[in-house]
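Only the coordinates and a few stated rules stand behind these numbers; no lab work does. Just so you know, these numbers come straight off a predicted model, no measurement behind them. Ideal geometry is used to build each Cβ from the backbone, glycine not excepted, and the neighbour counts take in all protein chains shown.
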Amino acid sequence: MVVRSLVATCFLCLTLAGPAATDAFAETGIASIYGYNGGKTASGERANPRRLTAAHKSLPFGTMVKVTNKKNGRTVMVRINDRGPFIRGRVIDLTPAAASQLGFSGLAPVTVSAR
């Protein structure tokens, strides 16, 4: 009886704690390039097209993600500092600097992963 109660308590603790911090995040979709207007991002930073930053719908600001161009295999690490994209099928908006490192201008199929 005590063992069964202990097992139930441990399971409840793990369930309430949610996913482990080491669980990985990954998604595949289309990346696009930001159109900058010199304003501030959703995180409050000034938008800078020469930095390796990006917009994502749900990842926390400051999250570092690896973006891989599925056509050529090139990768770049970017920091999430804005919200978007808001067009169906797109998973991330990249600065021109990040898109350049991935070797595309316009749209590209990508995999986005974070740990």
Checklist outcome for this item: Ranking Gly35, Met64, Val78 by how far each Cα lies towards the positive end of the charge dipole of segment 21-114 (+1 on Lys and Arg Cβ, -1 on Asp and Glu Cβ), the top one is Gly35
Checklist entry - Using 0.36 nm per residue, how much length does the chain from Asn48 to Met64 gain when fully extended, once their Cα-Cα distance is taken away? => result 4.1 nm
Item to check | Stretch gain in nm, segment Phe25-Ser105, where the contour uses 0.36 nm per residue and the Cα spacing is subtracted | outcome: 26.3 nm
Checklist entry - Tell me which lysines have Cα within less than 18 Å of Lys57's Cα, excluding those fewer than 8 residues away on the same chain? => result Lys40, Lys66
Checklist entry - Measuring from centroid to centroid over Cα atoms, what is the spacing of segment 59-110 and segment 24-54 in Å? => result 8
Checklist entry - Which chymotrypsin sites (Phe, Trp or Tyr not before Pro) from segment 28-111 combine a DSSP loop assignment with at most 14 other Cβ atoms within 10 Å? => result Tyr36, Phe86
Checklist outcome for this item: Measuring from its Cα centre, segment 21-114 shows a charge dipole (+1 at each Lys and Arg Cβ, -1 at each Asp and Glu Cβ) which, in debye to the nearest 20, is 200
Checklist entry - Lys/Arg Cβ at +1, Asp/Glu Cβ at -1, dipole of segment 43-115 taken about the Cα centre: which of Asn48, Ala108, Ile92 is farthest positive-ward? => result Ala108
Item to check | Karplus (6.51, -1.76, 1.60) ³J(HN,Hα), θ = phi - 60°, over segment 40-51, in Hz, Gly and Pro reported as x | outcome: 9, 7, 4, 7, x, 6, 6, 5, 9, x, 8, 8
Checklist outcome for this item: For the pair Thr75 and Lys40, the simple spin-label estimate (label points 7 Å beyond Cα toward Cβ) gives in nm 3.4
